[in-house]
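Derivation of every value follows stated rules applied to the coordinates shown; laboratory data play no part. What you are looking at is a predicted structure, and each value in this text was computed from that prediction instead of being measured. Please note: Cβ atoms are built from the backbone with ideal geometry, for glycine as well, and neighbour counts cover all protein chains shown.
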Amino acid sequence: MKVEVAIAELRKSRVALPHPFGFVPTMGYLHEGHLSLVRRARNECPSVGVSIFVNPTQFSENEDLSAYPRDLDRDLRLLEAEGVDLVWTPTSEDMYPEAYQTWVAVEQLSQPLEGLHRPGHFRGVTTVVAKLFNAIQPDKAYFGQKDAQQAVVIQRMTEDLNFPLEVVVCPTVREPDGLAMSSRNTYLDPKQREAATVLYRSLSTAVQSFEAGERDAEVLRSRMSEVLATELLARPQYVSVADPFTLEELDGPVERALFSMAVHMGKTRLIDNMVVGD
Ligand code: AMP
């Protein structure tokens, strides 16, 4: 497994690898969710690369950039064990040198949901992913459904900018009690960790209601909020029933829906989602 830092070296190592080349961008502190993307890439592609970069431009000033968990040695051991060919760990200085001033923005899809509560977040995400794509030139790129809006935004950007690659979205990996795996789960104390299953319980209630025939978006939203309200440690930021493709908030009867939410547990902000319908 090659580990590269500088972009010029990364390019050289990349061109030596066979096609199709599968790519998994991450911010590190890897867990089974990340590794599920790596395994999918490994199954589908003769060569696989992973980037580890805590991208400063997708964090706002009051967010957890400096506290974001990091353990590069452990990450490299895990990736080696998965048979990854190439790991790229760029520096912030190389990605955003002093005169840096170019941004990629997916204008509409970045506005609702996470975009409303994390202004500038998706501009940082799309900019860094475009830069990663340009440098590493994948044939396939793997993203998690855990970040549903991110997946939709990246798919739009990939089409709009004619990146010659396929975006593959992989299912959310959960802990045995339903909590979606996330590097941020390590911030939770034992009580918060227990309470954090409320997101899964809330989303599951909406899915069950939908499967039992409930179609009214407002009723489905209320069902999720009711479950969240049973958990005193949980402070919901938003609870949404949206179109899975346009991300527009839905009213009245729905045929398909993205149920999603952001919930604060103490200082930790958790997100999760589930999709129903075709
Ligand atoms: P991150 O390191 O948080 O930027 O995540 C890197 C990639 O892993 C993104 O495409 C995420 O959507 C994906 N990911 C994170 N958590 C999970 C999970 N629990 N299940 C599946 N994919 C995940």
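For each pair in K2/K267; K2/K140; K2/K131, compute the distance between the two Cα atoms and list the pairs where it is over 31 Å. In this structure, K2/K267 lie more than 31 Å apart at Cα. Mind running the shape call on the range 121-278? Use the C-alpha gyration tensor, a ≥ b ≥ c as the square roots of the eigenvalues: rounded below 1.5 for a/c, prolate if a/b tops b/c, oblate otherwise. It is oblate, given that a/c is not under 1.5 and a/b is not larger than b/c.
The HN-Hα couplings worked out from phi for the range 25-35 by the Karplus form 6.51 cos²θ - 1.76 cosθ + 1.60 (θ = phi - 60°) are x, 9, 9, x, 6, 6, 9, 4, x, 4, 5 Hz, whole numbers, x standing for Gly and Pro. Packing around the peptides 103-109, 151-157, 191-197, taken as the average count of other Cβ atoms within 10 Å per residue, puts them in this order, highest first: 151-157, 191-197, 103-109. The smallest convex shape that holds all Cα atoms of the chain, its convex hull, gives 132 Å³ per residue.
Ellipticity at 222 nm from helices only: DSSP H runs of n ≥ 4 in the chain, each -39500 (n - 2.57), divided by the residue count, give -11000 deg cm²/dmol. With the simple spin-label model, which puts each label point 7 Å out from Cα in the Cβ direction, the E214 to E80 separation comes to 5.0 nm.
Provide the percentage of antiparallel DSSP beta bridges, counting only those with both residues in the chain; round to the nearest 5. For the chain, the DSSP antiparallel bridge percentage is about 50.
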